[in-house]
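J.: This is the structure I have questions about; it appears just below.
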Amino acid sequence: MLEVCDLSFRYQKRGPLVLDGVNLTLERGEIGLLLGRNGAGKTTLFQTILGMQKPERGSMRFDDTNLLTCSRRERAQRIAYVPQRIRFGALTVYDTVLSGRIAHFGFAPGSEDRAITERILEEMQLLALAERDVETLSGGERQKVAIARALAQQPQLLVFDEPTGNLDLYNEQLILSEARRAAKERGIAILMSVHDLDRALSLGDRFFLMKNGKIRYTGGPEIMTEPVIREIFDANVRIISIDGKNHIITEETL
Ligand code: ADP
C-alpha cells in the first residue's frame, strides 16, 4: 500500500506551497486517479513520490519501504514512472524495454529479463517495431514504448503522468486495458493522471481531486459529482447515466 502523509513541498524557499499537507493512500491492485487543473500540483506530487523532489515535511511509505530514505535501486525495483515528456537514449525498442529490467539484473540481463521483455512487447503489440531505433518512432509509438519499459520493470507501484496524451483511440484503449490488467492480475498499485474525466471515471477505483496543492476530495467514483467537479475544475459538466453507468459530459459537448 502507498501511504503519503502530510506531504508539503515548495520549489523556492519563500515561494508558495505547491504541495500543501497532501494525504493519499492507495492499495495494491487499485487504480488511483489524481485529477485537477493544470498547475494544481499533480506532476510535483508524482515527482516527490519518485524521489525527484525533496519534501519539506511529511512521510511516504510503500508497504514497509520508507520512500524518503530508501536507495534509488530499492525505489526503482518498486516504482516505475511514465512521465509526460519522455526522453530515451539512442537504443532500439527492444533494448529500451529491456532497460526497464536494470534495477533487477546485476551486470547483464539474463534469460528471464529477455523473456519478460518479449512478453511485454507482444502484449503491447510492439514486436514489429522491436529493432527500430526509438528516436525514429512517432510520439504515440514512443509513449507505448515508455509504458512497455515501465511494465518490464515489474513494479509494485506504477505512476503514469498523462499516459494517453499522444495516443489514438485504439492505442489509448490498449494502454488503459493493459494498465487495468496490471493492477488486477499482478496486484500493482497504479497512480495516474488523465485529462479526460469520463475516461477517469470509468477507470479509477479511487479518486484524488487536487486544487492549489491540496487534495480536496478523496474517495470512490461516488465523489465525482457535478458540484465537486465544478469546484475542482472551475468548469461545468453534466453527469448522465447510460446503461446504468455514469458518464461525465463536458459543457462544450452538451
Ligand atoms: P500539474 O501537474 O497539476 O499541472 P505541476 O505540479 O506541474 O502541476 O505544477 C504545480 C505548480 O508548481 C505550478 O504553479 C507550476 O507553475 C509550479 N512549478 C512546476 N515546476 C516548477 C519548477 N521547476 N519551479 C518552480 N515552479 C514550478
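J.: Taking the options D198, D161, name whichever one is in contact with a Ser or Thr (Cβ under 9 Å, 6 or more places away or on another chain) and touching a residue at least 60 places away in the same chain (Cβ under 8 Å).
T.: When all the criteria are applied, what remains is D161.
J.: State all residues of segment 211-224 that are in contact with a Phe, Trp or Tyr (Cβ under 9 Å, 6 or more places away or on another chain) and in contact (Cβ under 8 Å) with a residue 60 or more places away in the chain; if no residue qualifies, say none.
T.: Scanning segment 211-224 gives K211, G213, I215, T218.
J.: Kindly indicate the residue of segment 21-64 that is small (G, A, S) and under 28 Å from R181 (Cβ atoms) and also nearest to the chain's Cα centre (by Cα) among those meeting that condition.
T.: Going through the qualifying residues, I end up with G32.
J.: Restricting attention to segment 200-225, and to residues there that are within 16 Å of the ligand (Cβ to nearest atom) and under 20 Å from A182 (Cα atoms), which single residue is surrounded by the fewest Cβ atoms within 10 Å (Cβ to Cβ)?
T.: Restricting to residues being within 16 Å of the ligand (Cβ to nearest atom) and under 20 Å from A182 (Cα atoms), the top hit is A200.
J.: Six or more apart or on different chains, Cβ atoms under 6 Å: show the pairs whose first residue is in segment 225-254 and farther than 21 Å from K211 by Cβ and whose second is of a type in the set (D, E).
T.: Between residues of segment 225-254 that are farther than 21 Å from K211 by Cβ and residues that are of a type in the set (D, E), the close pairs are H247/D198.
J.: So which helices (runs of 4 or more DSSP H) stay within segment 1-104 end to end and still have 2 or more residues that are within 14 Å of the ligand (Cβ to nearest atom) and at pLDDT 95 or above?
T.: Because the criterion is at least 2 residues that are within 14 Å of the ligand (Cβ to nearest atom) and at pLDDT 95 or above, the helices (runs of 4 or more DSSP H) in segment 1-104 that meet it are 42-49.
J.: Only one of (1) surrounded by 15 or more Cβ atoms within 10 Å (Cβ to Cβ); (2) more than 18 Å from K211 (Cβ to Cβ); (3) touching a Phe, Trp or Tyr at 6+ places or on another chain (Cβ under 9 Å) fails for I31. Which number is that?
T.: Of (1) surrounded by 15 or more Cβ atoms within 10 Å (Cβ to Cβ); (2) more than 18 Å from K211 (Cβ to Cβ); (3) touching a Phe, Trp or Tyr at 6+ places or on another chain (Cβ under 9 Å), only one is false for I31: (3).
J.: So, of the residues in segment 75-102 that are within 19 Å of the chain's Cα centre (by Cα) and of a type in the set (D, E, K, R), which turns out to be nearest to L158 (Cα to Cα)?
T.: The residue in question is R78.
J.: Right, here's the next one. Do the conditions hold for D133, that is, is it among the charged types (D, E, K, R) and touching a Phe, Trp or Tyr at 6+ places or on another chain (Cβ under 6 Å)?
T.: Here the answer is no, as D133 does not meet what is asked.
J.: Continuing with this model, one more query. In segment 109-117, is there at least one residue being surrounded by 13 or more Cβ atoms within 10 Å (Cβ to Cβ), modelled with pLDDT of 90 or more and within 16 Å of the ligand (Cβ to nearest atom)?
T.: Looking through segment 109-117, none of the residues is surrounded by 13 or more Cβ atoms within 10 Å (Cβ to Cβ), modelled with pLDDT of 90 or more and within 16 Å of the ligand (Cβ to nearest atom).
The values are calculated or read from the model by the stated rules, or taken from the named source; none is laboratory data. What you are looking at is a predicted structure, and each value in this text was computed from that prediction instead of being measured. Cβ sites come from the backbone with ideal geometry, for glycine too, and all protein chains shown count toward neighbours.
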